[in-house]
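No value in this document is a laboratory result; all are computed from the given coordinates. The structure presented is a predicted model; accordingly, all values stated were derived computationally and were not measured. Neighbour counts run over all protein chains shown; Cβ positions are idealised from the backbone, glycine included.
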Amino acid sequence: MTSPYHLPAGKAADGPYAVHVSPESAGWGYSGLRVLDLPAGGSHTFDTQDSEWIVLPLSGGCTVATSDDFGDDTFELAGRDSVFGAVSDFAYVPRDARTTVSSAGGGRFALTGARCTRRLPARYGPAREVAVELRGTGSCSRQVNNFAAAGAFECDKLIAVEVITPGGNWSSFPPHKHDEHRPGEESVLEEIYYFEFAAHDGVSGLGYQRVSPSGQGRGTDVLAEVRDGDVVLIPDGWHGPSMAVPGHHMYYLNVMAGPDPERAWLIRDHPDHAWIRDTWPAQPVDARLPLYTAPSP
């Protein structure tokens, strides 16, 4: 089953970007994602325009230099070898600025963005301050790197986290949604999933992503086999499970933003599956987790 909300690797490529999802291309108002591959010694300059951005190394390190009417800032990001090896440091760059990402050794860099109204200062996010959370137990165990979760790092609209699901496990379960404005209970957030998989003996990994209609918005309905570099767009609907095939760890980067005045991740579990949470206290967390923790100060 094909869906306009599943973008296989290469489908969302544009110019220097392996992935370029904008509010315009997604048909919504806020969330954006770009994935930039740089060769050794390469650089790329972009204007942030009406959006705030976080530059997050997926592999390799880089220098982020940003300039606007308030001054110039430069951040050195040590990065990491891969998303399965370590937490990364990152850089926040504000709207209405010109930013250059350059890399002496080359690498892949995610630019997570959201349209916003407030201009916040450019800042460095050290890896040692990223909270690594273990969520769920048993076959629902996963690791969440809350580098730009609401309440963890200040942004105007942007919320972004990384999730690692060990091979054979299900994450984003129970299915949940955030497509209605219910103060204190549920947020309206557009969401992007970007996937990578750990290979085994040179064989690439894969997984599956489900989104089902919630009765709101567009009636989004997705059942997709996802592989390295794939993207799934979630304007509305119950999303989950995200399933990692046995033998291959699954990584996804979540980018969220929306119109609500409060920057908050408030979700509603699917009523048919919410009971699964009650089983978690009786099971241990998957012994493979955490794959890693934040470095010591």
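Just checking the listed ones, Val132, Val87, Val203: in the Gaussian network model of the chain with Cα springs under 10 Å, the one fluctuating most is Val203.
Let me know the shape class of segment 12-164, please: from the alpha-carbon gyration tensor, a ≥ b ≥ c as square roots of the eigenvalues, rounded when a/c is under 1.5, otherwise prolate if a/b is greater than b/c, or oblate. Walk me through the intermediate numbers first.
Values: a/c = 1.42, a/b = 1.24, b/c = 1.15.
Rounded, since a/c falls under 1.5.
Springs between Cα atoms under 10 Å define the GNM used for the chain, and in it the highest mean-square fluctuation of Ser171, Ser25, Ser67 occurs at Ser25. Asn146 sits among other residues whose Cβ lies under 12 Å from its own Cβ, and their net charge, with Lys and Arg +1 and Asp and Glu -1, is -2.
Give the shape of segment 140-192 as rounded, prolate or oblate, defined through the alpha-carbon gyration tensor: a ≥ b ≥ c are the square roots of its eigenvalues, a/c under 1.5 means rounded, and otherwise the shape is prolate if a/b is larger than b/c and oblate if not. Display every interim value, and only then the final one.
On the way: a/c = 2.60, a/b = 1.36, b/c = 1.90.
Oblate, because a/c is 1.5 or more while a/b does not exceed b/c.
Segment Glu225..Ser102, full-extension length gain: 41.0 nm, with 0.36 nm per residue of separation and the alpha-carbon distance subtracted. In order along segment 271-279, phi translates into HN-Hα couplings of x, 6, 10, 4, 4, 4, 4, 5, 8 Hz, rounded to whole numbers, per the Karplus curve 6.51 cos²θ - 1.76 cosθ + 1.60 with θ = phi - 60° and x for Gly and Pro.
Recomputing mean projected area of the Cα convex hull in nm² from the coordinates shown identifies the correct label among [x] 17.8; [y] 15.1; [z] 16.4 as [y].
Could you sort the peptides 133-143, 11-21, 275-285 by per-residue average Cβ neighbour count (10 Å cutoff), highest mean leading? Could the numbers behind the result be given before it?
Working: 133-143: 19.0, 11-21: 16.5, 275-285: 11.8.
Top of the packing list down: 133-143, 11-21, 275-285.
Other residues lying with their Cβ under 13 Å from the Cβ of Phe75 contribute a combined charge of -3, Lys and Arg counting +1, Asp and Glu -1. Springs between Cα atoms under 10 Å define the GNM used for the chain, and in it the highest mean-square fluctuation of Pro175, Pro271, Pro246 occurs at Pro271. 3J(HN,Hα) along segment 90-102: 7, 9, 9, 10, x, 5, 6, 9, 10, 10, 10, 10, 10 Hz, from the Karplus curve 6.51 cos²θ - 1.76 cosθ + 1.60 with θ = phi - 60°, whole Hz, x for Gly and Pro. Around Val285, with a cut-off of 15 angstrom between Cβ atoms, what is the net charge of the other residues, counting Lys and Arg +1 and Asp and Glu -1? Result for the local shell: +2.
Go through 176-182, 160-166 and give me the packing order, highest mean Cβ count within 10 Å leading.
Details: 176-182: 19.4, 160-166: 24.1.
Ranking the peptides 176-182, 160-166 by packing returns 160-166, 176-182.
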